[in-house]
1. Using mean Cβ contacts within 10 Å as the protection proxy, how do A:123-130, B:220-227, A:112-119 order, highest first?
2. Could you tell me the center-to-center distance, by alpha carbons, between the range B:331-395 and the range A:269-307 in angstrom?
3. Which angle from 0 to 90°, rounded to the nearest 10, does the C-alpha axis of helix B:2-28 make with the longest principal axis of chain B?
4. Filter the cross-link list A:29/A:97; A:229/A:252; B:231/B:314; B:231/B:342; A:329/B:49 down to pairs whose alpha-carbon distance in this structure exceeds 23 Å.
5. Sequence gap at least 6, Cα distance under 8 Å: using those rules, report the relative contact order of chain A to the nearest whole percent.
6. Could you tell me how many degrees, from 0 to 90 and to the nearest 10, lie between the Cα long axis of helix B:320-333 and the main elongation axis, the longest principal axis, of the Cα atoms of chain B?
7. Treating the beta-carbon of each Lys and Arg as +1 and of each Asp and Glu as -1, no other charges, what is the dipole magnitude of the range A:73-327 about its Cα centre, to the nearest 20 debye?
8. If N is the number of residues in chain B, what value comes out of its Cα radius of gyration divided by 2.2 N^0.38 Å?
Amino acid sequence: MSDTTAPKKSETREPLFHIAKREEIVWWKAWLIRAAAIIASLAACAAISRFLGGIDPSSFFRSMLSGAFGTTRRIWKLFYELAILLCISLAVTPAFKMRFWNIGAEGQALIGGLATAACMYYFGGRIPTPLLFVVMIAASILAGMIWAVIPAVFKAFWNTNETLFTLMMNYVAIQLVTFMINFWVTSGSGTLPPMSEYALPTIGNAWILNIIVISVLTVAVYIYLRFSKHGYELSVVGESENTALYVGINVKKVIIRTMLLSGALCGVTGLLLVGGTDHTISASTVGGRGFTAIMVSWLGRFNPIFMVLTSFLLAFLGAGANQISNDYKMNGSISDIITAVILFFVIGCEFFIQYRIAFRKHGKEEK
Amino acid sequence: MLKKVLSTVLALATVLTLCVAFASCEKKGTENLKVGFIFLHDDTSTYDKNFMNGAKEAQQALGLKDDQIIFKYPVEEGKACYDAAADLVDQGCTIVFADSFGHEEWMIKAAKEFPNVQFCHATGVKAHTEKLDNYHNAFASIYEGRYLAGIAAGLKLNEMIAAGKFTAEEAVIGYVGAFPYAEVVSGYTSFFLGARSVCPTATMLVDFTNSWYSVDAERDVAETLISKGAKLISQHADSMGAPSVCEAKNVPNVFYNGDTIATCPNTYLIASRINWAPYFEYMINCVKDGKAIDTDWTGTIATGSVVVEVLNEKVAAAGTKEALEKATADLKAGTLHVFDTKTFTVDGKEVTTYLADVDDYGDFKGETEVIKDGYFHESEYRSAPYFDLRIDGITDLSAK
């Protein structure tokens, strides 16, 4: 910043280095920086666990890899976690591209899950199963859409702050789930027993259905954002609302339409979580993925295909870091520390991709 | 480009899986007994830490290696519990243990899927009705420990009365409960009966936080109880909320699941705790010897499952140690019964018959007669507590 102001004296000392925005970076350079960041972060983590827990680096990496890939079940679980996180990240992406800060994905997915659970609870066994599935799908999508469209309408018509509004809607959803569980469960255990007989059908194992559905959604969202008129409109609204108005885009309509889509995708996440794998619901069914999704989306530059990689990274970190704390019977904080350090490097390296550091050149006078 | 990255990642993943799989194959031949433990939280929760310490104690006692005892935490009360159990089976565990009430449904699901693995669950209620060969419940008669802690509390009240700090009628005990369930009711009633056995004028105020672990709620309830005249505080909740209030206000405190003598040296009196090591040793030995594990196992003071933590001599009244030794001996000998029907009344009357809800089908209807030979037979027909009588002398503040 300071070096852009004109020097007052001709004898101004040039700083040792200054930061400048990069014009363009070749793709392989960008990936080289990212790879270097990941290697550096792993080295930092190995060092930290060595000093905090006395874990030698080779067993540190072995633990981490075995947590993610150790058994067939773990590999399936990893890809399942990747898929669910990706699904909820796909949901927030159109809104983010529109510069609408939807941080309410947690609540939108949870309310979709609650709608699914309610259908299973009230209609299970009372209506034919295929019809039940249709009702579950419709109810979860509708519930997610309602939860998302409320802040969108307020934003479109009264320009309320969507960040706060969507955030607060999360807490309403969480409390509603807690309330409904207490309403349904009278035994005092505070947990709703699994309703597995009304769950969505499984193909092969419990995870494949979710993985297939989400793969299809990923491609669909990619096409929607990249090639559809809607996708173009929402990115124009994101770049500049005035431009959008000038070219005749109905901004209110775009905001509401995009958030309906966001909410619907969150609803699907809730459906897959409750109807597909968990067969029950609790306040922690979504488990913070609604917030992690924000990072996935940003790190993936709002590109659904890149987001597959960032979801993979986060799912891998979750499984691997937890394995380290379990293997060494250490406090759960160690896995949080490891995850945080790696994310710090990964997010931090984006800075070096966007900007370059120019060092003072010796023996050369500034003009 | 992207395809290349993806295929590289996938190829790497496959290679690593194979490596790990081969590595674990080598280990299997040398040792076949592995025990998996599922905990709700990590060791910051006193409840889970108590189980972890029990597991480590059993490991030492039986001379098991570190890699024969596998921990999984934090594991939520839901599908995560089933996943954790299945993962432990994949790792070669022949016994899987889970520590929280809400894990039960998922442990049963896993037990049905893996009939060759023994599933043991603490605090659960369904083993005796599910009738699976490989699913078992366990608990301990912690009411005995609470009764003993109650004796120490009653003697402390007597000492304060004698010192003129308050009158005999003002000897009020405050109790911070988690939820108004049988487990908690059984706990505070036994504690109260212990106190009243030595301090006949003692009464008790109880309130609930509706959470097993909430520092703020437990602190608030403790403060309310003290403001309503409680002269001593005890609890059935898992945080340090209440003890910290007691230390600040100089009110004697009886803790649970560990001692607070280091952090509350001036007010910590005594604590009771379930020691899980005897059960863990029992279940591991059963599998080692090819014997069946009890469907419903209740640890007692005699099995070493119910223990009283260190008595703080600085706070305790004179003669407490001797009184505790005598009561312990009487409990072990079976001459003293905590829920002796002559020692309490409900609505002014002695209880001579009571049907408890032992078979937990969610109907809340009692079906088992639990009063025989002049006392309430707690934890005998099922390991998890079912004493839920509201006796005279205890006021439930949440009921108002």
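1. Details: A:123-130: 12.1, B:220-227: 20.6, A:112-119: 28.5.
Answer by packing, highest mean first, reads A:112-119, B:220-227, A:123-130.
2. So the separation of the two Cα centres works out to 48 Å.
3. For B:2-28 against chain B, the angle is about 70 degrees.
4. A:29/A:97; B:231/B:342
5. Working: 520 pairs, mean separation 125.8, N = 367.
After rounding, I find 34 percent.
6. Between the helix axis and the principal axis of chain B, the angle is about 60 degrees.
7. With Lys and Arg at +1 and Asp and Glu at -1, about 400 debye.
8. Details: Rg = 23.3 Å, N = 400, 2.2 N^0.38 = 21.4 Å.
Rounded to two decimals, the normalised Rg is 1.09.
Each value in this text was obtained by applying a stated rule to the coordinates, not by laboratory testing. A quick note: this is a predicted structure, and the numbers were derived from the prediction, not measured. A quick note on method: Cβ atoms are made from the backbone with ideal geometry, for glycine too, and the neighbour counts reach across all protein chains shown.
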